[in-house]
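S.K.: Following this message is one structure expressed as C-alpha cells.
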Amino acid sequence: MKISNNLPSNLRFLFGCLRGLIIFSVVVFVIASLLLPWLSSHDAKRKPPLSMQVLAEVTLDFEPGVYHVQATGAASGDVALSWVHGTLRGNSASADAELAALGRWRFLLRLATPAFFYVCVDLLWRLCRNVERGQVFSESNTRYVRNLGLVILIYQAVACGAGYWYARMVDGFLLQRVVAEGVKLKLHWRSEVFPIDPTLIVTGLLLLALSEVFRQGLALKKENELTV
Amino acid sequence: MPIRLNLDRIMLERKMSLTELAGRVDITLANLSILKTNKAKAVRFSTLEALCRELKCQPGDLLEFVGKE
C-alpha cells in the first residue's frame, strides 16, 4: 500500500491549525469569563444572569413518587430511570463568597485542559516537522514521543488529584448549603470525583513504549551509519 | 573498539592518498575517513574486498586486534 508522501506535511498543517485554534479558544474563554460577570452586573434583570457557569456534573436522586415512568404496553415497573444526570450551575458574580470561589476554581481547572492539549499538539507538530524533513529516528523525536507519553500520564494524575480536591469542595457546598426539594444531589462519580480516562492512560503508556522503540531505532540507525 | 583498522599505515606504505583510494574503492571520502579514524562499528565484506584489492594486501594486514581500549 502506498502511503501519501504529503501525509506528514498535511498532519503538520493540521496540528499547526489546532494549535492556533486552542490559543484562540483560550483567549475567547478568558475574555468571556472576565467580561460576563461585568456584563451581568449591568443587566441585573436578565434571568438567568450571564455570569452563570457550570460548577459540576451531578446525579439527581429523586424521592419515590416524584416522577413516574411507564412504557406503553409494558407492565408497571418494567422500565425505570436511574442515574439521572444534571449540571449544577452557579453565579460567579454571586455575593456568596464560597459560591464565587467555586466558580473561580472551576475556571482555573478548565484552563488546564487546553494547556494540556496545546502541549500535546505542539509536540505532534514538532514530530511531523522532523518526519517531513526525513529525520525519523532522531534524538529529538525520541524525546518528543517520550514527553508526549509523560505529559498524558502526568495530566491524568493531576486531573485526578485536582478533580478529587475540587469535588470535595463542591460536595461540601452541596451538603451544607444547597437545598433541593424532592431530589438529593450527589456529585457525578465518573466525571467529577474520579475523572480518569483509561483510553488516555493506555495511550500514554503506549507512547512511552513507542519512545523505547524510537530509542532502539536510533541506536540501529547510528550503527548503520558507522557501517562502511 | 579492540579491533583497529590500520588503513593509514598501509596507505602510507602504498603512497596512496585518501581521495585516490576513495575513488578506487568507490566509497565516499566521509566513509573512508570513518574507517581511517577507527570510528567505524562494522565493515562490509564488499568494502574489505575492495580495500584489499586496491591496497594489494590481506584482510589481516588491515585489521588488528589490540585488546581492551
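The values are calculated or read from the model by the stated rules, or taken from the named source; none is laboratory data. What you are looking at is a predicted structure, and each value in this text was computed from that prediction instead of being measured. Cβ coordinates were reconstructed from backbone atoms using ideal geometry, including for glycine residues, and neighbour counts include every protein chain displayed.
S.K.: Filter region B:44-69 down to residues that are of a type in the set (Asp, Glu) and part of a loop (DSSP other than H, G, I, E, B), then give me how many there are.
M.R.: Our first condition is that a residue be of a type in the set (Asp, Glu); within region B:44-69, this holds for B:49, B:54, B:61, B:64, B:69.
Adding the requirement that they be part of a loop (DSSP other than H, G, I, E, B) leaves B:69.
The number of residues fulfilling the criteria is 1.
S.K.: Okay, moving on. Working only within region A:44-62, note down all residues that are part of a loop (DSSP other than H, G, I, E, B) and surrounded by 10 or more Cβ atoms within 10 Å (Cβ to Cβ).
M.R.: Of everything in region A:44-62, those that are part of a loop (DSSP other than H, G, I, E, B) and surrounded by 10 or more Cβ atoms within 10 Å (Cβ to Cβ) turn out to be A:ARG46, A:PRO49, A:LEU50, A:SER51.
S.K.: Here is a further query. Can you tell which of B:LEU21, B:LEU63 is surrounded by 12 or more Cβ atoms within 10 Å (Cβ to Cβ), over 20 Å from A:GLU223 (Cα atoms) and of a type outside the set (Lys, Arg)?
M.R.: B:LEU21
S.K.: Right, here's the next one. Search region A:129-152 for residues being among the hydrophobic types (A, V, I, L, M, F, W, C) and at pLDDT below 95, and hand back the single one that is nearest to A:LEU21 (Cα to Cα).
M.R.: Of region A:129-152, the ones among the hydrophobic types (A, V, I, L, M, F, W, C) are A:131, A:136-137, A:145, A:148, A:150-152.
Restricting the remaining residues to those that are at pLDDT below 95 gives A:131, A:136-137.
Working: A:VAL131: 23, A:VAL136: 27, A:PHE137: 29 Å.
Only one residue tops the list, namely A:VAL131.
S.K.: Is it the case, given these coordinates, that A:LYS186 is surrounded by fewer than 17 Cβ atoms within 10 Å (Cβ to Cβ) and either touching a Ser or Thr at 6+ places or on another chain (Cβ under 7 Å) or among the β-branched types (Val, Ile, Thr) (or both)?
M.R.: The answer is yes for A:LYS186.
S.K.: Then there is this: Suppose we keep only residues that are under 14 Å from A:VAL228 (Cβ atoms) and more than 9 Å from the chain's Cα centre (by Cα) within region B:44-58. Which one would you say is surrounded by the most Cβ atoms within 10 Å (Cβ to Cβ)?
M.R.: Out of the qualifying residues, it is B:ALA50.
S.K.: Okay, moving on. May I ask you to say which residue of A:ALA93, A:ALA71 is more than 30 Å from A:GLU132 (Cβ to Cβ), under 26 Å from the mean Cα position of the chain (by Cα) and in a loop (DSSP other than H, G, I, E, B)?
M.R.: A:ALA93
S.K.: Can you say whether B:GLU49 is of a type in the set (Asp, Glu), away from chain A (no Cβ under 13 Å) and free of Cβ contacts under 8 Å to residues at least 60 places away in the same chain, as far as the supplied structure shows?
M.R.: Taking the combined requirement at face value, the residue does not satisfy it.
S.K.: Here are B:MET11, B:MET1: which of them is part of a loop (DSSP other than H, G, I, E, B) and in contact (Cβ under 8 Å) with a residue 12 or more places away in the chain? Quick ask: steps written out before the conclusion?
M.R.: Details: B:MET11 fails: part of a loop (DSSP other than H, G, I, E, B).
Of the residues listed, the single one that is part of a loop (DSSP other than H, G, I, E, B) and in contact (Cβ under 8 Å) with a residue 12 or more places away in the chain is B:MET1.
S.K.: Considering (1) without any contact (Cβ under 8 Å) to a residue 12 or more places away in the chain; (2) touching a Ser or Thr at 6+ places or on another chain (Cβ under 6 Å); (3) closer than 20 Å to A:PHE15 by Cα, say which one A:ARG133 fails and leave the rest.
M.R.: Only one criterion in (1) without any contact (Cβ under 8 Å) to a residue 12 or more places away in the chain; (2) touching a Ser or Thr at 6+ places or on another chain (Cβ under 6 Å); (3) closer than 20 Å to A:PHE15 by Cα is unmet by A:ARG133, namely (2).
S.K.: Only one of (1) part of a strand (DSSP E or B); (2) without any contact (Cβ under 8 Å) to a residue 40 or more places away in the chain fails for A:GLY65. Which number is that?
M.R.: Condition not satisfied by A:GLY65: (1).
S.K.: Find the residue count for region B:27-43, including only residues that are more than 7 Å from chain A (Cβ to nearest Cβ), closer than 12 Å to A:THR227 by Cα and in a loop (DSSP other than H, G, I, E, B).
M.R.: The qualifying residues number 1.
S.K.: Which is out of contact with any strand residue (DSSP E or B) (no Cβ under 9 Å at 6 or more places or on another chain), of a type in the set (Ser, Thr, Tyr) and at pLDDT below 85, of A:SER94, A:SER191?
M.R.: Values: A:SER191 fails: out of contact with any strand residue (DSSP E or B) (no Cβ under 9 Å at 6 or more places or on another chain).
After ruling out the rest, the residue left standing is A:SER94.
S.K.: Next up: Restricting to region A:197-228, and then to whatever is exposed (fewer than 13 other Cβ atoms within 10 Å of the Cβ) and β-branched (Val, Ile, Thr), can you tell me which residue is farthest from the other protein chains (Cβ to nearest Cβ)?
M.R.: Result: A:THR199.
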